[in-house]
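Below: one structure, written as structure tokens.
Derivation of every value follows stated rules applied to the coordinates shown; laboratory data play no part. Remember, predicted model here, so these are calculated numbers, not experimental data. Every residue, glycine as well, gets a Cβ built from its backbone with ideal geometry; the counts of neighbours run over all protein chains shown.
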Amino acid sequence: MKHIKDAVAKNPLTPDEKDEMMTTMIQNHKVSHRQAYAEIGIPRSSYYYQHKPKDDAELIELLQQLVDRHPSIGFWQCYYRIRRKGFDCNHKKLYRVYTDLKLNIRRRYKKRLPARIKQSLHQPSAINEVWSVDYMSDALWDGRKFRLLNIVDDYNREVLHIETDTSRLYLYNQVNRRKMRM
């Protein structure tokens, strides 16, 4: 009964503490394994459990070869390629090894554009039916910008008018006209 008092008084919290309690009950109080495990509330199978170290050397080698050959492929492509080679493994195990090796790559998402309704362009059937207006901008060798207004007939692609102007050129002309008047 003293072994039960020790077990109740200490109230072990972690598995390691429970294991220590088991060994003290078995060695000091000469209690059987079955009784000790029943008193603490641990299944007897845990006494016989042998930890098997994870042997991931083959997976690590396969992943390293794949990533060296194809650095931009992600986890799922690695998984499918390894499966095609005949190596039978669970995707969860492979993902654990993949993340342990820090092979995660940043995902690039495609920009989703809204679906556009395709419409055919209007084809004019006569001259002067449809005109196009376009603004263009350019710069001179000294850095001054000038702008062009182009008016084009869409039927025969004839340029109807080109208007060229710069704001500085316009001001310069206005100042020169005033000087001439004086």
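Put one equal scatterer on each alpha carbon of region 34-164, apply the Debye formula with no solvent term, and list log10 I(q)/I(0) at q = 0.09, 0.11, 0.12 1/Å to two decimals.
After summing over all Cα pairs, the log10 values are -0.67, -0.74, -0.77.
Find out how many positive minus negative residues lie around residue 48, taking Lys and Arg as positive, Asp and Glu as negative, among other residues whose Cβ is under 14 Å from that of residue 48.
Net charge in that neighbourhood comes out at +2.
Could you work out the local net charge near residue 147, counting Lys and Arg as +1, Asp and Glu as -1, over the other residues with Cβ closer than 9 Å to its Cβ?
Surrounding charge for residue 147 is -2.
What is the set of long-range amide H partners of residue 146 at a cut-off below 5 Å, with H atoms built 1.01 Å from backbone N?
For residue 146, the qualifying residues are 138, 139, 140.
Structure shown: which of 54/93; 30/52; 18/92; 85/110 lie over 21 Å apart, alpha-carbon to alpha-carbon?
In this structure, 30/52; 18/92; 85/110 exceed 21 Å between Cα atoms.
Set the Förster distance to 41 Å, then compute FRET efficiency between residue 16 and residue 96 from the Cβ-Cβ distance, nearest 0.05.
0.95
At 7 Å along Cα-to-Cβ for each site, give me the label-to-label distance between residue 165 and residue 69 in nm.
6.7
Count charges around residue 161 for me, please; just the other residues with Cβ under 12 Å from its Cβ, Lys/Arg as +1, Asp/Glu as -1.
Summing Lys and Arg as +1 and Asp and Glu as -1 gives -4.
Would you kindly derive the ³J(HN,Hα) couplings of region 128-136 from the backbone phi angles with the Karplus curve 6.51 cos²θ - 1.76 cosθ + 1.60 (θ = phi - 60°), listing them in order in whole Hz, with x for Gly and Pro?
Rounded to whole hertz, the list is 6, 7, 9, 10, 10, 10, 9, 9, 10.
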